[in-house]
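Here the structure comes first, spelled out in structure tokens, and everything after it is commentary.
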């Protein structure tokens, strides 16, 4: 209840801040200069791909099915109520942390720096919500949570390297697609990866205390 209550409260605060945030105007974009972006991130300002965006969306939506894998075995099927609750907690924690950060930091997305893309944009509030990547953090949270729970239930499984490899690969693919789409900088993706992975790994430990 503490986890869920705190997460919902943060989400409510993020929604309030979002309502107060203003939409960028076309003239605001004239002040965005790629040279003001860290060299580490600058290359992403030249990226824009609708197919990459679709790929990242598919990875995100597909990750919601990962906890359902535990319905395939009797042991984890009997505990699926607990597994489902922990998965919900992971989603709520990640969602609240991501939203409160996005709405507070208000970092412009990389595609806003691209003068070739600007004319086709329909500006929205979310254009300022680049930091950090919610797609990456969500897929990382669910993927690493699933891998951690699998390790807890089946510590002697020979499939562990494959499970953890997939857990690492899914959010990595998602983050790469988000950058190719021009939606997030590399730093956005890296932090999203760390936040999501941390939630996925540490949350089961919290329930064991």
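The values are calculated or read from the model by the stated rules, or taken from the named source; none is laboratory data. These numbers come from a predicted model, not from an experiment. In this analysis, Cβ positions are derived from the backbone assuming ideal geometry, glycine residues included, and neighbour counts consider all displayed protein chains.
Looking across segment 107-158, the residues that are in contact (Cβ under 8 Å) with a residue 40 or more places away in the chain, under 16 Å from the mean Cα position of the chain (by Cα) and part of a loop (DSSP other than H, G, I, E, B) come down to 107, 109, 130, 131, 132, 133.
In segment 14-35, of all residues being surrounded by 10 or more Cβ atoms within 10 Å (Cβ to Cβ) and free of Cβ contacts under 8 Å to residues at least 60 places away in the same chain, the one that is farthest from the chain's Cα centre (by Cα) corresponds to 30. The lone criterion from (1) under 17 Å from residue 59 (Cβ atoms); (2) surrounded by fewer than 22 Cβ atoms within 10 Å (Cβ to Cβ) left unmet by residue 197 is number (2).
Residue 171 - would you say it is part of a helix (DSSP H, G or I), out of contact with any helix residue (DSSP H, G or I) (no Cβ under 7 Å at 6 or more places or on another chain), modelled with pLDDT of 95 or more and more than 23 Å from residue 114 (Cα to Cα)? Break it down into steps so the answer makes sense when it comes.
Values: part of a helix (DSSP H, G or I): yes; out of contact with any helix residue (DSSP H, G or I) (no Cβ under 7 Å at 6 or more places or on another chain): no; modelled with pLDDT of 95 or more: yes; more than 23 Å from residue 114 (Cα to Cα): yes.
Considered against the rule, which asks whether it is part of a helix (DSSP H, G or I), out of contact with any helix residue (DSSP H, G or I) (no Cβ under 7 Å at 6 or more places or on another chain), modelled with pLDDT of 95 or more and more than 23 Å from residue 114 (Cα to Cα), residue 171 comes out as no.
Scan segment 45-72 residue by residue and report those that are surrounded by fewer than 18 Cβ atoms within 10 Å (Cβ to Cβ), touching a residue at least 24 places away in the same chain (Cβ under 8 Å) and not in a helix (DSSP H, G or I). Matches in segment 45-72: 49, 64.
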